[in-house]
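Submitted below is the structure of interest, expressed as structure tokens.
The values are calculated or read from the model by the stated rules, or taken from the named source; none is laboratory data. All figures in this text were calculated on a predicted structure; none of them were measured in a lab. Here Cβ is always computed from backbone atoms with ideal geometry, including for glycine, and neighbour counts include all displayed protein chains.
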Amino acid sequence: MLPKATVSPSSSSLRLREPSSCAASKATSPIDLLLLCTFSYRFCSPSISNHGDMVDTLLMILGFVGTVGDGLAIPTFFMFPCVIFNDMGQGSIEVVNENVIYLVYLAGCSFLASFMEGYCWSRTGERQASRMQAREVITSITSNSLVIQDRLSEKVPNFIMNYATFVGCYAGGFSMMWRLALVGSPTAMLLVIPSIMHGRILIELAQKMRREYQKAGTVVEQCVSSIRTVYSFVEEECTIAKFSATLDDSVKLGLR
């Protein structure tokens with residue numbers, strides 16, 4: 001139930017009670033994102049699994065396979081030109097033609113994997129978001145369903161694809177020239193550590209923006225729920241001033 005407006009006994013001004021606590025949204029870790037793509041996501045993420053069925057599970061599994069294939073297509077594509085150039089140096093045209101056919105097969109598999117990635121994740125995101133909006137007709141739930149749809153349709157497949165590309169490149173490097181790959185592997189920390197720091201900063205910034213906008217939304221909800229009281233005490237300007245004051249902190253974090 002939304003907090004109602006109360007009138008202070010010492011003065012005739014309207015005083016809106018602040019919410020007791022604001023539930024901060026938890027940051028989604030990479031492990032949680034991977035759990036969304038397995039059979040066990042029903043037990044690890046009940047808030048999403050409640051709106052998914054077996055078709056969504058199948059779509060997420062096919063999307064996971066397609067995303068991994070799309071991520072591994074890049075390092076695999078780099079391995080074939082190496083073999084082709086070596087065969088061209090040896091003067092064997094027949095072997096070069098065979099490897100070119102393999103490149104055509106790789107392009108076809110990459111196209112199929114990209115299609116599975118784009119279609120399956122987008123489809124399951126739309127299905128779960130529409131089912132959530134149909135069951136929970138609340139403004140906050142509707143906005144959260146759009147966030148979940150964005151994560152399932154874009155964020156999760158991008159994370160899995162980039163992770164598969166990262167692992168596949170190092171696996172291909174160690175399989176071809178493990179000494180050179182071993183020498184260059186410490187430089188991976190120069191990519192991982194800044195990425196983790198950048199991700200944490202963005203998550204904290206998003207949480208702060210969410211809390212500030214929730215404060216402004218709380219003021220509006222309190223005013224609308226007690227619109228007769230606000231009108232009776234002629235507190236329209238006071239409410240507008242309070243709403244504007246709550247938006248000042250959000251302006252510092254960025255406009256949306």
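State the number of residues belonging to the stretch 63-118 that are loosely packed, with under 15 Cβ neighbours inside 10 Å and among the polar types (S, T, N, Q).
Of the residues in the stretch 63-118, 4 are loosely packed, with under 15 Cβ neighbours inside 10 Å and among the polar types (S, T, N, Q).
Sticking with this one: When L255 is evaluated against the numbered criteria (1) modelled with pLDDT of 80 or more; (2) within 30 Å of N162 (Cβ to Cβ), which criterion, by number, is the only one it fails?
Only one criterion is unmet by L255, namely (1).
I'd like to check which helices (runs of 4 or more DSSP H) are fully inside the stretch 20-94 and have at least 1 residues that are closer than 17 Å to C120 by Cβ and at pLDDT 65 or above.
So the answer is 54-90.
Having 3 or more residues that are among the basic types (K, R) and surrounded by 14 or more Cβ atoms within 10 Å (Cβ to Cβ) is the bar; report the helices (runs of 4 or more DSSP H) wholly within the stretch 164-256 that clear it.
189-225
Name the pairs whose Cβ atoms lie under 6 Å apart, with the first residue in the stretch 102-121 and modelled with pLDDT under 90, the second part of a helix (DSSP H, G or I) and among the hydroxyl-bearing types (S, T, Y), and 6 or more positions between them or separate chains?
E117/T67; W121/S153
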